[in-house]
Amino acid sequence: LDTKKIAKGQDRRTTIMIRNIPNKYTQAMLLQEIDANFRGGYDFFYLPIDFKNRCNVGYAFINFIDFRRIVSFTREFHGQRWRNFNSEKVCAISYARIQGKASMISRFQNSSLMEKDGEYRPLLF
């Protein structure tokens, strides 16, 4: 992920993967951290959960409405330690393999995830 290319409009991808999330983070906790400065700036969010252990699997996906928001998001989170749980994990931001809200919806719409409780499903905004 090259923030200089994004800022110049040379890379317009919108979906990122947030990695190295401490497993104790819930969807609500992670969204609270993200929403402090990015509320309304994204239209898709998904934090995969290990149903057996009832904790996240360490990564999440977020699709930004405007690709340029990735620059400030990366500045805030990439390379930083997480605020909760005194974790040693350091956040890493990269592009997701699947890009765009429509593609993410298509990927998950027929998934068994959609039969789970709301806290386990991908979120649309």
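The values are calculated or read from the model by the stated rules, or taken from the named source; none is laboratory data. Bear in mind that the values here come from a model prediction, so they are computed numbers and not experimental data. Positions of Cβ are generated from backbone atoms using ideal geometry, with glycine treated the same way; all protein chains shown enter the neighbour counts. These area figures cover heavy atoms from the full protein model, side chains too; ligands, DNA and RNA do not enter into them. Shrake-Rupley method; radii C 1.70, N 1.55, O 1.52, S 1.80 Å.
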Q: Could you look at region 3-124 and say what percent of its accessible area is carbon and sulfur, using a 1.4 Å probe and all protein chains?
A: 44
Q. In what sequence, largest accessible area first, do V57, V71 appear using a 1.4 Å probe?
A. V57, V71
Q) Put +1 on the Cβ of every Lys and Arg and -1 on every Asp and Glu Cβ in region 3-124; which of L123, Q27, S94 then has its Cα farthest towards the positive end of the dipole? A) S94
Q.
Can you compute 3J(HN,Hα) from phi for each residue in region 51-57, using the Karplus curve 6.51 cos²θ - 1.76 cosθ + 1.60 with θ = phi - 60°, rounded to whole Hz and x for Gly and Pro?
A. 5, 5, 8, 6, 9, 6, 9
Q) Which one of M104, M29, M17 has the biggest mean-square fluctuation once the chain is modelled by GNM with Cα springs under 10 Å? A) M29
(Q) So, for the chain, what is the accessible surface per residue at a probe of 1.4 Å, expressed in square angstrom? (A) 58
**Q.** Backbone N within region 21-44 under 13 Å of label point (7 Å from N110 Cα along the Cβ vector)
**A.** none
Q) What shape does the chain take by its C-alpha gyration tensor, where a ≥ b ≥ c are the square roots of the eigenvalues and a/c under 1.5 counts as rounded, a/b above b/c as prolate, and the rest as oblate? A) oblate
